[in-house]
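Derivation of every value follows stated rules applied to the coordinates shown; laboratory data play no part. Given the structure is predicted, the values throughout are model-derived calculations rather than measurements. Quick reminder, even Gly has a Cβ in these numbers, built from the backbone with ideal geometry, and neighbours come from all protein chains shown.
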Amino acid sequence: MAIDKRLQDAINRQINRELWSAYLYLSMASYFDFKELGGFAAWMKEQAEEETAHAERLYDYLIDCGVRATMQDLETPPAEWGSPLEVFKETLKHEKKVTALIDNLMDIARDLDDKKTVAMLEWFVKEQEEEEESVEKVIKKIKNAGDDITRLDNELGERK
Ligand SMILES: [Fe+2]
Ligand SMILES: [Fe+2]
């Protein structure tokens, strides 16, 4: 099955963005681990793994289409934040950016009337909704926890 070059390039770019998301979340995990917030760190590591899985899903899709993924540069992610709340606010901002990228991919696929790619991207649209929701939940929990972040740290460590 062939794929339009414009869409192939855009999916390649998305693979890079998903891997960069993993890179960003690993950076956040190491910020938390260093502060001995192992639960927050575990949550971020799990998130990083999910992002790598997203990249692999797109990678497999390109192979399905008879083309291949090509790896590109990953820029250095941020490394310092003022508080756990700040980290999760940035996470939400980042996920919203990714949602916009997925929407843009969807627009290209629809423009080209590429139904197979549209169907593949539906999964990502749903996934983005879930990701934004789960990050919003953590933000709420951090706000409710106030100074007692230890209990929330234990709770987040149970993710999976
Ligand atoms: Fe993702
Ligand atoms: Fe994500």
### Query
What does the convex hull of the alpha-carbon atoms of segment 1-67 project to on average, in nm²?
4.0
### Message
Using each residue's phi in segment 32-38, evaluate 6.51 cos²θ - 1.76 cosθ + 1.60 at θ = phi - 60° and report the 3J(HN,Hα) Karplus result to the nearest Hz, with x for Gly and Pro.
### Response
5, 4, 5, 8, 6, 10, x
### Task
Could you list ILE139, ILE102 in order of exposure, starting from the residue whose Cβ has the fewest other Cβ atoms within 10 Å?
ILE139, ILE102
### Query
If we count every other residue with Cβ under 9 angstrom of GLY39's Cβ, Lys/Arg +1 and Asp/Glu -1, where does the sum land?
-2
### Efficiency of FRET from Cβ geometry, GLU80 and ALA100, R₀ 35 Å, rounded to 0.05
0.85
### Task
Would you please name the GluC sites (Glu not before Pro) within segment 63-160 that are DSSP coil residues with at most 12 other C-beta atoms within 10 Å of their C-beta?
GLU75, GLU80, GLU158
## Note on the structure
Net charge near LEU112 (other residues with Cβ under 12 Å of its Cβ; Lys, Arg +1; Asp, Glu -1) is 0
### Distance violations [Cα-Cα > 25 Å] among LYS115/LYS137; LYS116/LYS137; LYS93/LYS116; LYS97/LYS126
LYS115/LYS137; LYS116/LYS137; LYS93/LYS116
### Summary
ASP60 and SER134 label points (each 7 Å along its Cα→Cβ direction) are spaced in nm at 1.8
#### Entry: Taking THR70, THR99 and counting other C-beta atoms within 10 Å, the order from fewest to most
THR70, THR99
### Ranked ASP107, ASP73, ASP153, ASP33, criterion: other C-beta atoms within 10 Å, fewest first
ASP73, ASP107, ASP33, ASP153
#### Entry: Cα-centred dipole magnitude for the chain, charges only on beta-carbon of K, R (+1) and D, E (-1), debye, nearest 20
140
### Query
Going from the alpha-carbon gyration tensor of the chain, what semi-axes, largest first and in whole Å, does one get by taking the root of 5 times each eigenvalue?
33, 15, 12
